[in-house]
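Just so it is clear, none of the values below were taken in a lab; they were calculated from the coordinates. Because the structure is predicted, anything quoted here is derived from the model rather than measured. Cβ: placed from backbone, ideal geometry, glycine included. Neighbour counts: every protein chain shown.
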Amino acid sequence: MPQLSKVVNGFGGALGSACLIVFALLLASTFGFGQNFSRGWLWQNPIPQGNQLLTIHFASDKRTGIAAGLGGTILKTEDGGFTWENQAARTNASLTGVFVKDVRNAIVVGARGTILLTSDGGKTWNQARITARDHFSSIVMAGEQYRIGWVAGTYGKIFKTLDGGVSWLESETSTSEHLTTVAAFDEKNAAAGGADGTVLVTSDGGENWRESKPCGHQRLNGIAVPSAETIVAVGDGGCVAKSTDSGGKWERAQMFSSADFLAVSFSDAKFGSITDSNGLIWRSGDGGTTWLPFNVRTNPKLLSIFLADEFTGWSAGENGLIVRTDDGGFSWKRLTEGGRADINDLAFLNDASGIAVGAKGRILITDSGGGNWVPVYSGTAANLNSAFTLDETFGWIAGDGGTILRTNNGGISWGPGISGVSEDLFGISFKSEKIGIAVGANGTILRSTSVGAYWTPVDSGTTEWLEDVRFVDAKRVIAVGDKGIILLSDDAGLSWRMVNAGVRENLYAVSFTGSIGYAVGAGGIIIKTKDGGETWAGNEAPTQMNLFAVSSFGRTFAAAAGEFGIVLVTDDGGRNWRIQPTATGNPLNAVASRGGTKIWVAGGGGAILRLIDDLSPATITGPGRAPVLGSGGRKPRFRVPTVIITDDGDIPIAPPPLKEKPRQ
């Protein structure tokens, strides 16, 4: 695993191919790749959530819509996407297709034979009658009251419903190819696309399916049937193909792009849009013969798109992003909140005051236990990997290219320290406001005695990458890194010696409470020390997934986090570690623990979540907003950044449409 850095707590001065992935995720969901939201966690960033969204669809009223995705994620809106509600689907399966009939009725499909129906606006979801356990990728409904429909899935399977989705029967096809998409114009004319380029077309309601390969063996990711005889298929390698005779003959569009095209939607026979792997959205006004690309700020990967009419449409994709257009696809604006840059470290000074740092110079601070995260100007575009806050005044951050940042006003503003090196730095720690240690690539160890303003190199005796560092007391410091390396200093970082812990796995993080400490790393390794790092013993962990972060609190409690959203906790000093289900499958690079249920995790796609219920694998529904925590009974003093970031380069937020004034 690449070196991932951890944030702890933080001297300011002058401010100077998509479908292949989808099927892999479908399979991964069988092993709990993503967890249901309603398991005691609250999303604090992005909002409403940060799991990948694989599908989006709206009813004809253009107000009622559903977006669904990894880990059983279902979001519903009744105002055109300006507000979203998390819905409990009681499944961990990745959901890859959705069709919304009206404000009360909808169907979602996904892995392991999942076909869920709601008839009460999403308050309850019930499994349809179907015996198959195939992974379903897509659904379409047609006909009067949307009673006719098809789902497509693995091994060439297509199932048809005649009763609005309550029950399904298999249709016979001539392929065993995994099908990735299905669409229909009406109850007679439908088409499906496959992972090896096959297009199946029916003109008799699915009794017979004709086969062709307009894109060769390129994977097809989306298909549309904008009229009874017109079909548009899109796929990998820049392929966009159109047929005007129900799949008999095909013409390839001249796209002048080799990007993978991920999704397609038409609002009528003329107007259509396509998303691609470079973050562009393409628009056609002639039924799919010619296409023009339009840039979406930040070039996000949008995996699904739906057009309601010539002007209105929605698209959804990575990190929970949902965007909307009201001008026919010329511009797109964001319906979701919060940054999506990876969070690499996270730390809380108390139950209310915290800091998060990450990719592209991202710094966030909170004074409400994460109820509100405020971006702070960092003055750098370097990835920030580790943060340490000593008290309510002093803090430091380490990052790529030898970046050191410091604050002396509680994180309100940050200024640079002079590291004198260009190596990436992955860990930083201070025991007093003057003396600090930073570690990083190629065995780099830096020491500061000037409140982090200036740093000098110290011989580490190794060229292995050092991933994390912590002070045990005023003199002792422990650093950990690749190939199981553990370095110990008894003179506040002036000299170092190696400690043999008997492990060869990469160690990515270390945390201490007094002389008791834990280090975690590759393959789920957890080791513990009771004597300040002189000796280490292994703890048995219930996972072999890589662990990127650990945080101890008190003598018996600790939490660790890692890839695929895994969180482990112990409340008996490490004798037993158990898996705490989470609400995401994103990699978790950081964890902050203050004991019991006071746990925050953060990681890929800007994810920040807080545990809001008891440690338990049971399904629990959390409150709609984060509780605001006080500090020691005193009225909290909220930090206001010196420089307010009003535009961080993200997609502009979509303003709700103005309400018409009633006529007099």
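A few comments on the model shown:
- Counted residue by residue at 0.36 nm each, then reduced by the alpha carbon distance between them, the extension gain from LYS360 to LEU292 reaches 21.4 nm.
- At 1.306 mPa s and 10 °C, Stokes D of region 249-335 from Kirkwood alpha-carbon radius, µm² per second: 125
- Over region 401-453, the fraction of Cα-Cα pairs per 10 Å bin, rounded to whole percents and listed from the shortest bin up, is 25, 57, 17, 1.
- Principal semi-axes in Å for region 151-229 [√(5λ), Cα gyration tensor, largest first]: 19, 14, 10
- Inter-part distance where region 469-520 and region 340-383 are each reduced to a Cα centre, Å: 25
- Semi-axis lengths, Å, region 50-119, gyration tensor of Cα atoms, sqrt of 5 times eigenvalues: 18, 13, 9
- Label-point separation, ASP531 to ARG575 (7 Å along Cα→Cβ), nm: 2.2
- Viscosity 0.692 mPa s, temperature 37 °C, Stokes-Einstein D of region 89-168 from Kirkwood C-alpha radius, µm²/s: 268
- Taking 30 Å as the straight-line reach from the Cα of LYS530, the lysines in range (excluding those fewer than 8 positions away in the same chain) are LYS6, LYS431, LYS434, LYS475, LYS483, LYS598.
- Mean Cβ count within 10 Å, highest first, over the residues of peptides 166-176, 262-272: 262-272, 166-176
- Debye-sum result for region 343-611 in log10 I(q)/I(0), which assumes one identical scatterer on each alpha carbon, at q = 0.07, 0.13, 0.16 Å⁻¹: -0.20, -0.75, -1.20
- Computed packing ranks the peptides 511-517, 571-577, 54-60 as 54-60, 511-517, 571-577, most packed first, by mean other Cβ atoms within 10 Å.
- Charge tally around ASP245: other residues with Cβ under 14 Å, Lys/Arg +1 each, Asp/Glu -1 each, net +1.
- Translational diffusion of the chain, estimated by Stokes-Einstein from the Kirkwood radius over alpha carbon pairs at 4 °C in a medium of 1.567 mPa s, is 50 µm² per second.
- Among 64-72, 354-362, 519-527, sorting by the average number of other beta carbon atoms lying within 10 angstrom of each residue, highest first, gives 64-72, 354-362, 519-527.
- Ranking of ASP286, ASP342, ASP102 by count of other Cβ atoms within 10 Å, fewest first: ASP286, ASP102, ASP342
- 17 Å tail of the calculated P(r), region 215-286, as % of Cα pairs: 35
- For the listed residue pairs LYS157/LYS242; LYS242/LYS270; LYS160/LYS213; LYS123/LYS333, the alpha carbons are over 19 angstrom apart in LYS157/LYS242; LYS160/LYS213; LYS123/LYS333.
- Compactness of region 50-334 is given as radius of gyration and Dmax, 16.9, 46 Å, from Cα positions.
- Residue-averaged 222 nm ellipticity for the chain, from DSSP H runs of 4+ at -39500 (n - 2.57), nearest 500: -500 deg cm²/dmol
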